[in-house]
Each structure stands twice: as structure tokens, then as C-alpha cells.
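The values are calculated or read from the model by the stated rules, or taken from the named source; none is laboratory data. On a predicted model such as this, the values are computed, not experimentally measured, just so you know. Neighbour counts are summed over all protein chains in view; Cβ atoms, including those assigned to glycine, are modelled from backbone coordinates with ideal geometry. Calculation scope for accessible area: heavy atoms of the full protein, side chains included, ligands and nucleic acids excluded. Shrake-Rupley method; radii C 1.70, N 1.55, O 1.52, S 1.80 Å.
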Amino acid sequence: QMELVLDDIGTDTLKTGMLYSPEIIATVAESIARHNLLAIVDPVMIAKGGAALLKKEAVRALRELLLPQTFLLTPNIPEAEALTGIKITGATEMEEAARTLHEFGARNVLIKGGHSDTEDASDLLLTSDKVVPLPGERFATRSTHGTGCSFAAALATLLAQGCGLVEAAQGAKLFISTAIRHAVPLGQGQGPVNHAAGAQAVLGQFQQ
């Protein structure tokens, strides 16, 4: 399916989601390399409830095969801890983990801070030459389903539109923060974020 789409239509950026097995990871990594794609890798490894979403052997394949093909890696704190073995308790450990992931092959790393115990929800972006804090407010809401995937997708979209990495990361942070802030509660579980509100906020910023 990837080869058909890439050969027929092509793409400017690619965002990965949950890749369950080593075989799937190897196939995706091979396609990224063959087509020389700008890959944003969201390493969906651990569910919000703490359940593992990858086979144990897939974690090694992700680290060894996919990270070297990654332009930007976007793990949350539990995923960064699982990939590096570093216990993250604050910004210092976030930077240490990001540098370790960079050494594993990811060209740039953005660790999301939503799972931290701090009062805010700030992220940290490590590029090839600098560390960029991405401040963020924490919201008291159950409507956080899909935040990581939506954030990475917004980043990929902004990069595809020609934004630089830091500008794209800041725009994606605005997108997801607005989407969470304006989420409409649905049902008894974790509701979805408000993608329309997030998109409007980013569009307004880029039109200024």
C-alpha cells in the first residue's frame, strides 16, 4: 500500500503511528530510505492506561532500524524512558533522553511533556544544534484522546508546507494546546480534542 501511494502520488512528509511488529517496522524503514522521505516518527508504544502496544522484539527493531531513518522523533515521556532506559523527572532528564535518542540515529527529537508530574505540559525539542523549550499549559480535562498522533500530524503538515522545524514545532504546540482547551466532552471516557479549533488557531497565526 505504501509503495502504490508513494509511486503514484508521492508525498512531502511521512508520519508513522503504531507499528506493531519488527516486520512492519522493517518494511516502513525500508520504504523511507528508498524514497528518501522526511519521516516524523511517533513511536506509539504505550497506551494512556499503561498497556504496551508493541511486541517486545519490535522495540529493538524500532531503535535499530527506524530511528536512523527518522527526521523527527516525537515520543512522550514513558516512550522516551522505554527507548533509553532513562527515568525522566524534569527538563534535565528530558534533554538527556533526547540526546541519547539522537545518538541512536534520530536527527531531531521532540519529547512531549504531557505525562510529566509538573504543573505545566511543556515539551522539549532537540535539533542538531540547539535545545528549544516549548512551553505549554496543562488543562484539567478528560478530552485528550489522540493528542500525540494529532500533534505529530500537525507537525508533519507544517513541515510539508515549508515551515522550518522550530516554527513547525511551535505551530503544532499551538494547534494541540488549542484543540485540548476547546475540546467538547463526549461520553464517559477520554474524549477527542477539537481539531477544528486547533487548525483555526494555527491558520490565524500564520496569516498575521
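Using the rule -39500 (n - 2.57) for each DSSP H run of four or more residues, divided by the residues of the chain, the 222 nm mean residue ellipticity is -13500 deg cm²/dmol.
When Rg and Dmax are taken over the Cα atoms of region 77-162, they come to 13.1, 36 Å. Close amide H contacts of Leu38 (hydrogens built in the peptide plane, cut-off under 5 Å, sequence separation of 5 or more or a different chain): Leu14.
Listed by chain and number, the aspartates and glutamates whose alpha-carbon sits under 20 Å from that of Lys56, ignoring those within fewer than 8 places in the same chain, are Glu23, Asp42, Glu64, Glu79, Glu81.
Between the amide H of His182 and those of Asn194, distances stay under 5 Å, these residues lying 5 or more places away or on another chain, with hydrogens modeled in the peptide plane.
Express the carbon and sulfur contribution to the solvent-accessible surface of region 99-190 as a percent, rounded to the nearest whole number, probe 1.4 angstrom. Intermediate results must be reported in sequence, preceding the final value.
Numbers: 2380 of 4580 Å².
Of the solvent-accessible surface of region 99-190, carbon and sulfur hold 52 percent.
For region 58-96, the residues whose backbone nitrogen is under 19 Å from a point 7 Å from the Cα of Asn36, taken along Cα to Cβ, are 68-72. Residues in the chain average 51 Å² of solvent-accessible surface per residue, probe 1.4 Å, ligands and nucleic acids excluded.
Can you compute log10 of I(q)/I(0) for the chain with the Debye formula, treating each Cα as one identical point scatterer, at q = 0.13, 0.15 Å⁻¹? Summing over Cα pairs of the chain leads to -0.71, -0.96. Roughly what % antiparallel, to the nearest 5, for the DSSP beta bridges in the chain? Roughly 45 percent of the beta bridges in the chain run antiparallel, per DSSP. Eigen-decomposition of the gyration tensor built on the alpha-carbon atoms of region 143-195 gives equivalent ellipsoid semi-axes of 24, 9, 7 angstrom, largest listed first.
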